[in-house]
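**Q** Provided herewith is a single structure, encoded as structure tokens, for subsequent inquiry.
The values are calculated or read from the model by the stated rules, or taken from the named source; none is laboratory data. Every value quoted in this text rests on a predicted model; they were computed, and no experiment measured them. No Cβ is skipped: glycine too gets one built from the backbone with ideal geometry, and neighbour counts run over all protein chains shown. Note: areas computed on protein heavy atoms with side chains; ligands, DNA, RNA excluded. Shrake-Rupley method; radii C 1.70, N 1.55, O 1.52, S 1.80 Å.
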Amino acid sequence: MKKRFLAALIVSLGMLVACDDSSSASSDNDKELSSSSTEKSGDSKDKSSSSKGKSSSSEAKSSDSKDKSSSSKKEDKGEYKREFATSIASGETMFIGTMSLDHTGDLGKDYIEVGTRAGVVYYDGSLFIADLDIGSIARYSLDANNKIGKKSAELTLPGVWVNHIYFVNEEKAYLGGMLDSLLIINPKTMKTTGAIDLSKYKGDDALVVSPGTGVIVDGRLYVGLLQNVSDYATGNTAQVAIIDVEKDSVIAVAEDDRVAAVGSLDDSQNQAFIVADGYIYCYSNASWGYAPGQVDGFLRIKVGETKFDKDYAWLVTKEVAIDDVTKKGNFKYLSPTTYANGTKVYAFLNVMVDLQQVWTDMDSYHNNTCKPVEIDLAKKTMKALPIGYSSSWASYGKYIDEDGTVIFAVSTEEDGNAYFRYDPKTEKAEKIATVEPIPMWIVPLK
């Protein structure tokens, strides 16, 4: 997920506004992925209605048996409710689909195949899938069981990484990526309706402004400006553009040089910005270590204000030490976190340096270097959880359930590809499912 390519040609603002004509909102070429399941459902219904005309007592028993049998058959044929959207990796190819933790044996069926990198977002009863290899983002419908169905609309920007969508309402959203602007789109039709020019904020050394991770709070979009200087390296300074979502205008750009650029381009869930305790916590991964000398860590902006809190900075590499996991001063970075439960979030801490490993090629992303951790943003504390080291590829899936427990998708040496549930009250973790492909995002369908 770290590998990325800058657009061969940076798209100008005029071209972006003109994208409305070239974007595809047609469903003529749609693929209906659930038709075979529908046909099987019909067969099941026909079979289940064939036994009638028995005595009342045996009829009741028969009906009882039929209901259970029918339910079982439907589940066998994939007609159960999906709870999450997810992505999985097979080799260097990714697949996007929906899943249930009670039916992980089906993981990998009825999925959308994308390239080596992709993002997935749920909104308004649909999935939005970004295929970053070709530069497109498409809307897919979901059926009554949340099984992925037709592609209903698509926006294509060839050669441009577009992975961040910030929803204002059902008919308005912003789209960010390796661009010098924010596109304004209609998420129903996936057509552009305008753009906010950010080119005047481009740094002297930057190839592209790259609006990445963002979050909308109280009528304002807070979005990180990454200032890409190469395929991997971002700017040395934290910058957050604050946008009035009613007027589509820039209110201010907050800047702070205590950490490098905040946010990320492979954070489709926009989880490097966390709203907690009346603040927006903004995380910098310091270009994943590809820009020596950059500083990683958290800053925060009070909701409604336009400057970083001068009294808060948490420099993860410099300040965090965890027994038997990592030392202070050894470079480390966090994957995107969960949303906050109070001021606590959950993530994977990549400690390659502590394990004496470095990125060398794509195969390195399968090395087990990412430790599940619990983070208290306000107290600036971090602790390792009783789950093994996962690969970088499988360091995106984590979700706080309604009961406060936390689900992690992992690919570990000890437990293989699996899902774990961690209980903060007992501080214990339990493996709840084993799967064949590498599991990645866990995106709740609600």
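**Q** Under unit Cβ charges (Lys, Arg +1; Asp, Glu -1), what dipole magnitude, rounded to 20 debye, does the stretch 383-426 have relative to its Cα centre?
**A** Values: 4 positive and 7 negative charges, 33 e Å.
The dipole of the stretch 383-426 has a size of about 160 debye.
**Q** Which distance in Å, rounded to a whole number, links the C-alpha centroids of the stretch 321-375 and the stretch 387-446?
**A** Cα centroid of the stretch 321-375 versus Cα centroid of the stretch 387-446: 15 Å apart.
**Q** Could you report the accessible area of D257 in Å², rounded to 10, computed with a 1.4 Å probe on the protein chains as they sit in the structure?
**A** Ignoring ligands and nucleic acids, D257 comes out at about 120 Å².
**Q** Something else now. Spelling out what I want: for every residue of the stretch 338-346, take phi, set θ = phi - 60°, compute 6.51 cos²θ - 1.76 cosθ + 1.60 (Karplus), and round to whole Hz; glycine and proline get x.
**A** Residue by residue, the stretch 338-346 yields 6, 6, 7, 10, x, 10, 9, 9, 10 Hz.
**Q** On the full set of protein chains, 1.4 Å probe, figure out the accessible area of F84 and give it in Å² to the nearest 10.
**A** 10
**Q** Can you tell me the convex hull volume per residue for the stretch 309-433, based on C-alpha atoms, in Å³ to the nearest whole number?
**A** Values: hull volume 14.6 nm³, N = 125.
In the stretch 309-433, the Cα hull volume divided by residue count equals 117 Å³.
**Q** So which GluC sites (Glu not before Pro) in the stretch 345-446 end up in coil per DSSP with only 14 or fewer other C-beta atoms within 10 Å?
**A** Values: sites: E374, E402, E413, E414, E427, E430; in loops: E402, E413, E414, E427.
Hits after loop and neighbour filter: E402, E413, E414, E427.
**Q** Viscosity 0.692 mPa s, temperature 37 °C: what is the translational diffusion coefficient of the stretch 370-446 from Stokes-Einstein with a Kirkwood Rh over Cα pairs, rounded to a whole number of µm²/s?
**A** 257
**Q** Computed over the Cα atoms, what is the radius of gyration of the stretch 339-393 divided by 2.2 N^0.38 Å, N being its residue count? Mind dumping the intermediate values first?
**A** Working: Rg = 12.8 Å, N = 55, 2.2 N^0.38 = 10.1 Å.
Here the answer is 1.27, to two decimals.
**Q** Let me ask you something else. Please list the non-local residues whose amide H lies under 5 Å from the amide H of G159, H modeled 1.01 Å from N, same-chain partners needing a gap of 5 or more.
**A** Residues meeting the criterion, in which the H sits 1.01 Å from N, are G135.
**Q** If you take the charge dipole of the stretch 134-246 about its Cα centre, with +1 on Lys and Arg Cβ and -1 on Asp and Glu Cβ, which of S199, A144, V160 is farthest toward its positive end?
**A** A144
**Q** On to the next question. How many angstrom lie between the Cα centre of the stretch 257-277 and the Cα centre of the stretch 105-151?
**A** 23
**Q** Turning to a different aspect of this structure: Along the Cα→Cβ direction, 7 angstrom out, place labels at N145 and D257. What is the inter-label distance in nm?
**A** Placing both labels 7 Å beyond Cα along the Cβ direction yields 5.9 nm.
**Q** Would you work out the relative contact order for the stretch 314-409, in percent, from Cα pairs under 8 angstrom that are 6 or more residues apart? Please list the in-between numbers first.
**A** Working: 184 pairs, mean separation 23.2, N = 96.
With pairs under 8 Å counted, the relative contact order is 24 percent.
**Q** Net charge around S87, counting only other residues with Cβ within less than 12 Å of its Cβ (Lys, Arg = +1; Asp, Glu = -1)?
**A** On the way: positive: R117; negative: E113, D131, D266.
After counting each charged neighbour, the total is -2.
**Q** Name the residues whose placed amide hydrogens come within less than 5 Å of the amide hydrogen of T237, ignoring near sequence neighbours (fewer than 5 apart) on the same chain.
**A** So T237 has HN proximity to A261.
**Q** May I ask you to give the average projected area over all directions of the convex hull of the Cα atoms of the stretch 146-304, in nm² rounded to one decimal? Intermediate results must be reported in sequence, preceding the final value.
**A** Numbers: hull surface 40.2 nm².
With every direction weighted equally, the projected area is 10.1 nm².
**Q** Between H366 and D231, what FRET efficiency follows from the Cβ-Cβ distance if R0 is 22 Å, with the result rounded to 0.05? Mind showing how you got there, number by number?
**A** On the way: r = 20 Å, r/R0 = 0.93.
Approximately 0.60, to the nearest 0.05.
**Q** Give me a comma-separated list of calculated 3J(HN,Hα) values for the stretch 236-243, in order, Karplus coefficients 6.51, -1.76, 1.60 applied at θ = phi - 60°, integers in Hz, x for any Gly or Pro.
**A** For the stretch 236-243, the Karplus-derived couplings read 8, 10, 6, 9, 10, 7, 10, 10 Hz, x marking Gly and Pro.
**Q** GluC sites (Glu not before Pro), restricted to the stretch 118-180: which are DSSP loop and have at most 16 other Cβ atoms within 10 Å?
**A** Details: sites: E154, E170, E171; in loops: E170, E171.
Filter output for the stretch 118-180: E170, E171.
**Q** For the stretch 264-361, count the residues as N, evaluate 2.2 N^0.38 Å, and divide the Cα radius of gyration by that value, please.
**A** For the stretch 264-361, the normalised Cα radius of gyration is 1.11.
**Q** Another question about this same structure. Which three lengths, in whole Å and largest first, does the stretch 271-322 cover when its Cα atoms are put on their principal axes?
**A** Its Cα atoms span 34, 23, 21 Å along the three principal axes.
**Q** S87: accessible area at probe 1.4 Å, nearest 10 Å²?
**A** 0
**Q** Could you check the spin-label model distance between K380 and T116? Points 7 Å from the Cα along Cα→Cβ, value in nm.
**A** It works out to 3.8 nm between the two label points.
**Q** Let me ask something else. Can you run phi through the Karplus equation (6.51, -1.76, 1.60; θ = phi - 60°) for the stretch 193-206 and list ³J(HN,Hα) in whole Hz, with x for Gly and Pro?
**A** 10, x, 7, 10, 6, 10, 4, 6, 9, 5, x, 4, 9, 6
**Q** Considering only DSSP states other than H, G, I, E and B, which trypsin sites (Lys or Arg not before Pro) in the stretch 354-427 qualify as loop sites with at most 14 other Cβ atoms within 10 Å?
**A** On the way: sites: K379, K380, K383, K398, R421, K425; in loops: K379, K380, K425.
When the trypsin sites (Lys or Arg not before Pro) of the stretch 354-427 are filtered for loop state and at most 14 Cβ neighbours within 10 Å, K379, K425 remain.
**Q** Could you pull out every residue, at least 5 positions away or on a different chain, whose amide H is within less than 5 Å of the one on K332? Hs are placed 1.01 Å off N in the peptide plane, and Pro or chain starts have none.
**A** T317
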